[in-house]
Amino acid sequence: MALDSIIKKNWIEIQKKNTAPVNAIGVKINPKDEKTMKIWKEEGIDTFIKK
């Protein structure tokens, strides 16, 4: 399931400011939340994590 381009763009901008995986509203993703973590990786948001 592909994300809406606006949501993805906003999520990337939020992720760039955080050192931990966050959801599209900036809340840290619980590692046990497999569904969100899967989307986070599939959509490539993980490549924008702040280092």
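The values are calculated or read from the model by the stated rules, or taken from the named source; none is laboratory data. Source: prediction; values computed, not measured. Just the protein is used for accessible areas: all its heavy atoms, side chains included, with ligands, DNA and RNA removed. Shrake-Rupley method; radii C 1.70, N 1.55, O 1.52, S 1.80 Å.
Table for the structure above
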{"quantity": "In order through the range 3-12: 3J(HN,Hα) via Karplus (6.51 cos²θ - 1.76 cosθ + 1.60), integer Hz, x for Gly, Pro", "calculated": "7, 4, 4, 5, 5, 4, 4, 5, 4, 4"}
{"quantity": "Of all accessible heavy-atom area on the chain, the percent that carbon and sulfur account for (1.4 Å)", "calculated": "56 percent"}
{"quantity": "Under-5 Å amide H pairs with Val22, H placed in peptide plane, nonlocal only", "calculated": "Ile29"}
{"quantity": "Relative contact order for the chain, counting Cα pairs under 8 Å that sit 6 or more residues apart, in percent", "calculated": "41 percent"}
{"quantity": "Computed [θ] at 222 nm, deg cm²/dmol, the chain (DSSP H ≥ 4; -39,500 (n - 2.57); rounded to nearest 500)", "calculated": "-11500 deg cm²/dmol"}
{"quantity": "³J(HN,Hα), Karplus 6.51/-1.76/1.60, whole Hz, each residue of the range 25-32, x for Gly, Pro", "calculated": "10, x, 8, 4, 7, 5, x, 7"}
{"quantity": "Entry for Rg/Rh (Cα atoms, Kirkwood Rh) (calculated from the structure that is shown) out of (i) 0.96; (ii) 1.11; (iii) 0.91", "calculated": "(iii)"}
